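Structure first, then comments.
The values are calculated or read from the model by the stated rules, or taken from the named source; none is laboratory data. What you see is a predicted model, and the numbers here were worked out from it, not measured in a lab. Don't worry about glycine lacking a Cβ; one is built from the backbone with ideal geometry, like all the others, and counts go over all protein chains shown. Surface accessibility is based on the protein's heavy atoms, side chains included, excluding ligands, DNA and RNA. Shrake-Rupley method; radii C 1.70, N 1.55, O 1.52, S 1.80 Å.
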Amino acid sequence: MEKWIFILCSCFLQLPLTAQFQHLDFMGAGHDHQITVTTSSASTATGQKTVDGFPIENQDQLKDASRFLAQATFGADMATIRMTAAMGYEAWLDEQFSLPQPSILQEMMIHGPLYDEVEDPASDFLAKTMFRTSWLTHNLTSPDLLRQRMAFIWSQIMVINDKSDFFEDVGQTLGNYYDMLGGNAFENYQKLLTDVTLSPAMGSFLSHYNNPKADPSQNIHPDENYAREIMQLFSIGLWELNQNGTRKYDANGQFIPTYTNADIKEFAQVFTGLGDGLSDGVFGIHPFESEKVYQIMVTPMKMYEDQHDTSEKHLLNGVVLPAGQSGMEDINQTMAHLVNHPNTAPFISKSLIRFMTTSNPSGSYVSDVAAVFNPSEPNNLQEVVRAILLHPEARECNISETYTFGKLREPMVRYMNFLKAFQLQPNDSGDFLSEMFCLETNTGQVPLAAPSVFNYFLPEYTPQGPIGQNYMVAPEFQILNSTNAIGVVNEADLRTVKRTYIEDICLFEEEPDGGSEYEMYYPEVMSLTSDPTALIDYLDILLANGLLESDTKAIINDAVSQLNDADERLQMALYLILISPDYAILK
């Protein structure tokens, strides 16, 4: 009983991945694209199912692969789980790093007129809801599964909020910003931080767009917002850290701040002079005052030298930018200064680990990842991601009485996990039309809608109870309140029982006739409904990554066995798994 009381208080939705694409040519991958197998008799045959080891059916291997994909992606269908188990994780990562990046902005531009009644999406409004539809379409149909997850993670570190007028009315800004994050997902941290700094979306959100140099006679001083947050949230954090992510102490046993208010004022001078990135732009003009507002908001800001502070600037640890430099020289040197600060590697590494694998990584885990964090080396973020996902602590954790590994799955991860598990089919236009308003209300999370620059939850949030008493953190629990706990259960009911997969049902006075306009197919799993044990074991791997405990399975089995209809059995099994605590916590 206690477990199922907890179920009603700790549920959020995550999902597996569903992409169909050609894989890199290797033996045992389970595909036959451009593969032939030469036999001892010198004859050839197609590579389809001729290599020992595929398809993988070993339950432990499938559970491990499912768990790996739950950490690396928004989720997977069973075919992808089997394929990943056969490939091995190194090969899967190499393939993901090589895949091209589809554009969410391009998706918006193509399909925007279908939904927003605009004549020319290149020069007219696209509402933020079009971004949400395009985001969902991209994440449900494109094969770049790892990049999708990383873009979402970076969007929670370099936060912008779609409630701003710039984004509410110019949805292209959101698509462009998200594409920028995705494009930098596997580059290096210096390039990512530079592109974020020059983004008109970030410039608008943290107010260094049209940030002028000081003019004391007019009581004008550089805006300090971005100078503060680029240090606090995007690079070095608040406190000096050891390589393993723990805080340093001064001689009096106090934590050591990384910067002061005086430092913020110095950095604020660096970010002066950035404005309209179009060649004919004029500094100080609000984008909405231009007929080219849409183009402006998808074009990186440029430097207006006459508005840049050219004085000497004192940064951290004795670093000084000399007077008389150009604005971009100041910015580029400041980016290099921040990303190479000794705090940045452990601070960002620990943040990424918390989003992907565990809320409370050991010091050695953080230190090992930080050791490969080389912020200006090409494609270095590939190595960082690889180090996080392949670290022994992520791959070989064992449950014990002192077990601390794991995290609460984020609502969007849980939501997408289910949609990707069974290959949800798009509507006739090829899109997945959803404004996500009800999902946001019910769960507290949708893309680019964090309530503040501090994301949906604080990275070191500690809930009351055993977690706090053991000096651990559980960030995602900050948005698991009494309202959202019930909301997540309701979301699971909509997706599994009512089968209204992505529609905003809360916007209708009555449920639409016929349920969903989208179709989801369960051919492989439907054949298992006559055997509740086999059904639950299959769904355990597919949805819960093999983490369902025996008593949870027994509860679900009892409920499923009482039903005679095959469809009802499947619905019951899906619903109870998605609201179970074993599923909610990724271990």
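Selection of the range 205-227 for residues being open to solvent by less than 20 Å² (accessible area, probe 1.4 Å) and free of Cβ contacts under 8 Å to residues at least 60 places away in the same chain yields TYR226, ALA227.
Restricted to helices (runs of 4 or more DSSP H) entirely inside the range 522-587, those with at least 2 residues that are more than 24 Å from the chain's Cα centre (by Cα) are 523-526, 532-542, 550-561, 566-578. Counting only helices (runs of 4 or more DSSP H) that sit wholly inside the range 92-211, those with at least 1 residues that are modelled with pLDDT under 95, of a type in the set (D, E, K, R) and under 15 Å from the mean Cα position of the chain (by Cα) are 128-141. A single member of ASN490, ASN455 is part of a helix (DSSP H, G or I) and in contact (Cβ under 8 Å) with a residue 12 or more places away in the chain, and it is ASN490.
Could you list all residues from the range 348-366 that are of a type in the set (Ser, Thr, Tyr), part of a helix (DSSP H, G or I) and open to solvent by 10 Å² or more (accessible area, probe 1.4 Å)?
SER351, SER364 - these are the residues of the range 348-366 that are of a type in the set (Ser, Thr, Tyr), part of a helix (DSSP H, G or I) and open to solvent by 10 Å² or more (accessible area, probe 1.4 Å).
Just one of (1) surrounded by 14 or more Cβ atoms within 10 Å (Cβ to Cβ); (2) touching a Gly at 6+ places or on another chain (Cβ under 9 Å); (3) more than 30 Å from SER364 (Cβ to Cβ); (4) not polar (S, T, N, Q) fails for GLY284. It is (1).
Evaluated against (1) in contact with a strand residue (DSSP E or B) (Cβ under 8 Å, 6 or more places away or on another chain); (2) touching a residue at least 40 places away in the same chain (Cβ under 8 Å), ARG247 falls short on exactly one condition, (2). Looking only at the range 200-233, count every residue that is in contact with a helix residue (DSSP H, G or I) (Cβ under 6 Å, 6 or more places away or on another chain) and at negative phi and tell me the total. So the answer is 12.
Each row is one residue, and each column tells you yes or no for (1) under 28 Å from ARG354 (Cα atoms); (2) part of a loop (DSSP other than H, G, I, E, B); (3) not charged (D, E, K, R).
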| site | (1), (2), (3) |
| --- | --- |
| PRO222 | no, yes, yes |
| ARG228 | yes, no, no |
| GLY237 | yes, yes, yes |
| ALA251 | no, yes, yes |
| ILE264 | yes, no, yes |
| PHE267 | no, no, yes |
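For ASP431, the conditions (1) charged (D, E, K, R); (2) farther than 25 Å from ILE577 by Cβ; (3) part of a helix (DSSP H, G or I) all hold with the exception of (3).
If the condition is being touching a residue at least 60 places away in the same chain (Cβ under 8 Å) and not polar (S, T, N, Q), then the range 303-327 contributes HIS308, ASP309, LEU316.
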